[in-house]
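In what follows, a single structure is set out as structure tokens and then discussed.
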Amino acid sequence: MIRKLIGKVLRRPGKRVLHAKHYGIRRDQLHSGALKVCDRLQDAGFEAYIVGGAIRDLMLDKSPKDFDVATSATPEQVRHVFHRSRIIGRRFRIVHVPFGEEIIEVTTFRGASEAPTDASGRILRDNAYGDIEEDASRRDFTVNALYYNPRTEEILDFHHGVSDLENKRLTIIGDPDIRYREDPVRMLRAIRLSAKLGLSIAPATKTPILIHAKLLENIPSARLFDEMMKLLLSGSAWTCLMSLRENGLHKLLFPLLEKQLSRPDTTTFLRKALESTDQRINEDMPVSAGYIFAALLWHEVEADWIKRQAAGEYPVPALVEAMNTVESKVQKRMAIPNRYGAAMKEIWLLQPRFEQRVGTRPWRLMEQQRFRAAYDFLMLRAECGMVENSLGDWWTRFQNADEDTRMALMAAATDKPAGAHAKKRRRRKPNNPKGE
Ligand code: ATP
Ligand code: MG
């Protein structure tokens, strides 16, 4: 009790001014565009700081993903300073300032005044402006409310963010109940940031997540998808998925995953898919979002596909039907944009074609735009015992072989023409209703 009280007193909000150099942060580690944005805003008489993820990541010795600037200038005033900038967003207006290939996001200090909310407490618009201290209280986690002033090379810390970073702890600012109601996406951000940065979620920040998980139902599906993408491309997707599950959030994002995560074989498939994606991201290699979604939903598609074939449908039309059924179930919850959805479906559709290794088919398959991703997917299935290892091996050898070896490989392949399985089953059915 006393310790709790002392803790509360010690963690009372209040500005701390720290020297960035003491924390190993030097001006030259920061994006030159973000530094220029701060400089020009300050020259124009406004306050301007680099804030959020960039300062947090540098303090953890990680390289920042993007650089955000917070300022006392209103969006219109920012526009006035940077003629090529654009005001975007309605719920939360910000200014995009382009710098070469990069965009610096500039946000005006948010105020403490009441923002309009819906019945569940969700903030509908947050465009009331205020001072830096109010802005700090409106940010999500203490570690994200650190403001770096490039001119003085000082960090302003209003909510013990530095101490939380030192203790590897993620703490929400303010009353967790209110803050999650205001924006349920903060629950997903907590999962992602803790997994990605190796921070443990403070108990008072973590416990309410289970209770408020359902609030995610209120979030527009496009925003949910954006957040899901950040999670899957965080380089810690598997840890995130496990943590989503532990905190009761996965059902709201991906109800279809519940079944898969309750079976060891399907869990292994997902783990291998996500861990290999994580590894690629952490090695700065490109990854395909279509591949990730193809893996996440494959079991559902495969189960439906098998059912349809058993009922006598031909393999390819059965696969198309299975894909469409699963896709429409998913789209109800999360809007997967067409460019990813199309890639996902192509990867699935190419799977039965790997079984066809006669004539010109292998060559035609290799010419497909998504061949590489589809082949990786086949290898993943083979690794998990979902198709014969020999099929995966055949394709690995075929790709790397010279012409003569390819002919020999094709001659040795034991394919049946497409549709043979289905036809057979159809004929046999009446004599063998139980499939024994
Ligand atoms: P990263 O960019 O590495 O994913 P980030 O914390 O910088 O992490 P952004 O989405 O770039 O994430 O947000 C920038 C900053 O804006 C955050 O650090 C945080 O201070 C604030 N912020 C973002 N989303 C929210 C939110 N839902 N509620 C309150 N503050 C938020
Ligand atoms: Mg950021």
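Take the range 227-243 and flag every residue that is closer than 21 Å to residue 335 by Cα and within 16 Å of ligand 2 (Cβ to nearest atom).
Within the range 227-243, 227, 229, 230, 231, 233, 234 qualify.
Please pick out the residue among 429, 434, 416 that is in contact with a Gly (Cβ under 8 Å, 6 or more places away or on another chain) and modelled with pLDDT under 95.
429
Restricting the first residue to the range 25-54 and requiring it to be of a type outside the set (Phe, Trp, Tyr), which pairs with a second residue that is open to solvent by 70 Å² or more (accessible area, probe 1.4 Å) and not in a helix (DSSP H, G or I) meet a Cβ separation below 6 Å and a spacing of at least six or different chains?
Once the first residue is of a type outside the set (Phe, Trp, Tyr) and sits in the range 25-54, its partners that are open to solvent by 70 Å² or more (accessible area, probe 1.4 Å) and not in a helix (DSSP H, G or I) give 33/102.
For residues in the range 30-44 being open to solvent by 60 Å² or more (accessible area, probe 1.4 Å) and either modelled with pLDDT of 95 or more or within 15 Å of ligand 1 (Cβ to nearest atom) (or both), which is farthest from the chain's Cα centre (by Cα)?
My answer is 43.
Quickly run through the range 60-91 and pick out the residues that are assigned to a loop (DSSP other than H, G, I, E, B), within 16 Å of ligand 1 (Cβ to nearest atom) and touching a residue at least 40 places away in the same chain (Cβ under 8 Å).
60, 62
If you take the residues of the range 279-307 that are among the β-branched types (Val, Ile, Thr) and farther than 18 Å from residue 230 by Cβ, which of them is nearest to the chain's Cα centre (by Cα)?
Just the residues of the range 279-307 that are among the β-branched types (Val, Ile, Thr), to begin with: 281, 287, 292, 301, 306.
Then drop every residue that is not farther than 18 Å from residue 230 by Cβ, which leaves 301, 306.
Details: 301: 22, 306: 30 Å.
So the residue we want is 301.
Conditions first: (1) within 24 Å of residue 140 (Cα to Cα); (2) open to solvent by 60 Å² or more (accessible area, probe 1.4 Å); (3) within 16 Å of ligand 1 (Cβ to nearest atom). Residue 19 passes all but one, so which condition is the exception?
(3)
Limited to the range 189-215, what total is found for residues that are near ligand 1 (Cβ under 9 Å from one of its atoms) and open to solvent by less than 30 Å² (accessible area, probe 1.4 Å)?
Number satisfying all stated conditions: 3.
I'm trying to understand the selection: among the residues of the range 231-267, which are farther than 26 Å from residue 374 by Cβ, part of a loop (DSSP other than H, G, I, E, B) and open to solvent by 30 Å² or more (accessible area, probe 1.4 Å)?
Within the range 231-267, 255, 262 meet the criteria.
Which condition number in (1) out of contact with any Pro (no Cβ under 8 Å at 6 or more places or on another chain); (2) surrounded by 14 or more Cβ atoms within 10 Å (Cβ to Cβ) is the one that residue 88 fails?
That leaves (2) as the condition not met.
Report the residue count in the range 187-206 for those that are farther than 25 Å from residue 282 by Cβ and in contact (Cβ under 8 Å) with a residue 12 or more places away in the chain. Step through it out loud before you land on a result.
In the first step, residues of the range 187-206 are kept if they are farther than 25 Å from residue 282 by Cβ; the result is 202-206.
Still in the running and in contact (Cβ under 8 Å) with a residue 12 or more places away in the chain: 202, 204-206.
Here the count works out to 4.
Working carefully through the options 102, 47, 76, find the one that is within 16 Å of ligand 2 (Cβ to nearest atom), out of contact with any Asp or Glu (no Cβ under 7 Å at 6 or more places or on another chain) and either modelled with pLDDT under 95 or open to solvent by 20 Å² or more (accessible area, probe 1.4 Å) (or both).
Only one candidate passes the filter, namely 102.
Here are the criteria: (1) touching a strand residue (DSSP E or B) at 6+ places or on another chain (Cβ under 6 Å); (2) within 14 Å of ligand 2 (Cβ to nearest atom). Tell me which single one residue 88 does not satisfy.
Result: residue 88 passes all but (2).
Pull up the range 50-59, narrow it to residues that are surrounded by fewer than 24 Cβ atoms within 10 Å (Cβ to Cβ) and not hydrophobic (A, V, I, L, M, F, W, C), then point me to the one that is farthest from ligand 1 (Cβ to nearest atom).
57
Test of understanding: among 297, 270, which residue is under 18 Å from residue 336 (Cα atoms) and assigned to a helix (DSSP H, G or I)? Walk me through how you get there before you give the answer.
On the way: 270 fails: under 18 Å from residue 336 (Cα atoms).
Result of the check over 297, 270: 297.
Please count how many residues of the range 96-122 are under 24 Å from residue 30 (Cβ atoms) and within 14 Å of ligand 1 (Cβ to nearest atom). Please lay out each step first, then the result.
Here is the first cut: in the range 96-122, the ones under 24 Å from residue 30 (Cβ atoms) are 96-110.
Keeping just the survivors that are within 14 Å of ligand 1 (Cβ to nearest atom) gives 96, 102-110.
So the answer is 10.
Being in a loop (DSSP other than H, G, I, E, B) and either within 15 Å of ligand 1 (Cβ to nearest atom) or open to solvent by less than 50 Å² (accessible area, probe 1.4 Å) (or both) is the filter here, so list the residues in the range 128-167 that pass it.
128, 130, 139, 140, 145, 150, 153, 158, 159, 160
Within the range 158-172, is even one residue free of Cβ contacts under 8 Å to residues at least 60 places away in the same chain, within 30 Å of residue 291 (Cβ to Cβ) and touching a Ser or Thr at 6+ places or on another chain (Cβ under 7 Å)?
Yes, that holds for at least one residue.
The values are calculated or read from the model by the stated rules, or taken from the named source; none is laboratory data. Remember, predicted model here, so these are calculated numbers, not experimental data. Note that we place each Cβ from the backbone using ideal geometry, even for glycine, and neighbour counts take in every protein chain shown. SASA here: full protein model, heavy atoms, side chains in, ligands and nucleic acids out. Shrake-Rupley method; radii C 1.70, N 1.55, O 1.52, S 1.80 Å.
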